[in-house]
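Here's the structure, in structure tokens; my notes come after.
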Amino acid sequence: MSAIFQALQSGTRLKILFLLSQKEMCVCELECALGVSQSAISHSLRTLRQPGLVRVRKQGRFMVYYLADDHVKTLVDLCNKHVTECIA
């Protein structure tokens with residue numbers, strides 16, 4: 001569990017997880033959506049892949065990233081709901 005929470009310590013990585021909870025994306029799409037360099041996106045994705053939060057598959061010439069399973073989507077959704085309720 002500590003590896004998962006360590007991976008979630010970055011705002012960029014949390015934003016990536018949120019975007020991937022909406023749809024599968026390649027690095028260039030994430031780069032465009034976040035306004036962060038390709039190297040920063042790639043590093044963040046590698047960090048998210050290590051504890052098994054994100055997976056990747058090759059689609060044509062692109063590597064497409066997606067959430068590993070429904071547990072990760074639930075985690076992202078619950079965190080988002082918690083933040084939304086705390087603000088209101």
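The values are calculated or read from the model by the stated rules, or taken from the named source; none is laboratory data. Bear in mind that the values here come from a model prediction, so they are computed numbers and not experimental data. Glycine gets a Cβ as well: all are built from the backbone with ideal geometry, and neighbour counts include every protein chain shown.
Cβ-Cβ distances below 9 Å connect the following pairs, each with a first residue in segment 57-82 that is under 16 Å from Leu45 (Cα atoms) and touching a residue at least 12 places away in the same chain (Cβ under 8 Å), a second residue that is surrounded by 11 or more Cβ atoms within 10 Å (Cβ to Cβ) and among the basic types (Lys, Arg), and a separation of six or more residues or different chains: Tyr65/Arg49; Tyr65/Arg55; Tyr66/Arg55; Leu67/Arg55; Leu67/Lys73; Ala68/Arg49; Ala68/Arg55.
Please indicate, with yes or no, whether at least one residue in segment 52-63 is touching a Ser or Thr at 6+ places or on another chain (Cβ under 8 Å), modelled with pLDDT of 95 or more and hydrophobic (A, V, I, L, M, F, W, C).
No, segment 52-63 contains no residue that is touching a Ser or Thr at 6+ places or on another chain (Cβ under 8 Å), modelled with pLDDT of 95 or more and hydrophobic (A, V, I, L, M, F, W, C).
Residues that are β-branched (Val, Ile, Thr) and loosely packed, with under 14 Cβ neighbours inside 10 Å: which helices (runs of 4 or more DSSP H) entirely in the chain hold 2 or more of them? Write out each step before concluding.
On the way: elements: 2-7, 11-22, 27-34, 38-49, 70-87.
Counting at least 2 such residues, we get 70-87.
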